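J.: One structure, as structure tokens, below. Some questions next.
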Amino acid sequence: MKRQLLALGFAVSTIGSIALSANAIPINGNNATKGKLINVTFLEADTSIVASGVAFDSGNSTQMKPDFRVEIYINNTLVRSQNAPINKEIHRFGLTATQRIALSEIPIKIKLFDKDSKALEAIDIEPTSGKVVNLIYKPATGEVFTIGDSSQPIKIGNSGTRIAREGLGDGDKRGVAYFSINHTN
Ligand SMILES: [Ca+2]
Ligand SMILES: [Ca+2]
């Protein structure tokens, strides 16, 4: 359907040309310049699995639960962020960041915080060192790689699959992040 819309737009913009077939339209050449629309969806944050007994804040048992904030970076730009309702161990965000990028390897970062009254404290959602999920997405193959702390990127998923990253505790605040990445033309 999207391809048909593109074809229609092209036909309209080239008044005077006749009998354009879909196959004659240089979609590939066009997209090489325009890049791809990259969609990063942060599905869910969960600290109940790994952080039982860990206090995210001082106070009573309700207040001790995390106050989530998520930030999604595409190509080193903060594209979308969202604060969850306070004091929730699990929150389904369903937050999608979309950016058109003309790169074969696209850097994506996902950061999860506990939003205290005065400061943002990072929650570890990355099993290697560091707390940030640090990814590379390749539109040509739909592969998702983690950079982590190894010199060689490791494949952790494909376009459209639900991916989980679990922090192992760089500091006491840790959790699991669920997300997916895909692209359209
Ligand atoms: Ca709290
Ligand atoms: Ca970590």
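The values are calculated or read from the model by the stated rules, or taken from the named source; none is laboratory data. Values in this document were obtained by computation on a predicted structure and should not be read as measured data. Positions of Cβ are generated from backbone atoms using ideal geometry, with glycine treated the same way; all protein chains shown enter the neighbour counts.
J.: How many of the residues making up region 129-184 are in contact with a Lys or Arg (Cβ under 7 Å, 6 or more places away or on another chain) and within 16 Å of ligand 1 (Cβ to nearest atom)?
T.: Going through region 129-184 one residue at a time, the tally reaches 0.
J.: So, one more: Hey, which of the strands (runs of 3 or more DSSP E) in region 141-185, taking only ones fully inside, have at least 2 residues that are within 21 Å of Phe68 (Cβ to Cβ) and touching a residue at least 24 places away in the same chain (Cβ under 8 Å)?
T.: Hits in region 141-185: 163-166, 176-184.
J.: Just give me the residues in region 98-130 being in a strand (DSSP E or B) and either within 25 Å of Val50 (Cβ to Cβ) or among the aromatic types (Phe, Trp, Tyr) (or both), in sequence order.
T.: Ile108, Lys109, Ile110, Lys111, Leu112, Phe113, Asp114, Lys115, Leu120, Glu121, Ala122, Asp124 - these are the residues of region 98-130 that are in a strand (DSSP E or B) and either within 25 Å of Val50 (Cβ to Cβ) or among the aromatic types (Phe, Trp, Tyr) (or both).
J.: Within the set of pairs 6 or more residues apart or between chains, which connect a residue that is farther than 22 Å from Ala140 by Cα and more than 16 Å from ligand 1 (Cβ to nearest atom) inside region 77-104 to a residue that is of a type outside the set (D, E, K, R) and at pLDDT below 95 with Cβ atoms less than 8 Å apart?
T.: That search, which allows pairs on different chains as well, returns nothing.
J.: A follow-up question, please. Looking at (1) under 30 Å from Val54 (Cα atoms); (2) more than 14 Å from ligand 2 (Cβ to nearest atom), which is the one condition that is false for Ser150?
T.: Of (1) under 30 Å from Val54 (Cα atoms); (2) more than 14 Å from ligand 2 (Cβ to nearest atom), only one is false for Ser150: (2).
J.: Name the pairs: first residue in region 56-69 and under 11 Å from Ala84 (Cβ atoms), second residue of a type in the set (Val, Ile, Thr) and more than 6 Å from ligand 1 (Cβ to nearest atom), Cβ to Cβ under 7 Å, at least 6 apart or on different chains?
T.: Cβ pairs passing all conditions: Pro66/Thr47; Pro66/Ile123.
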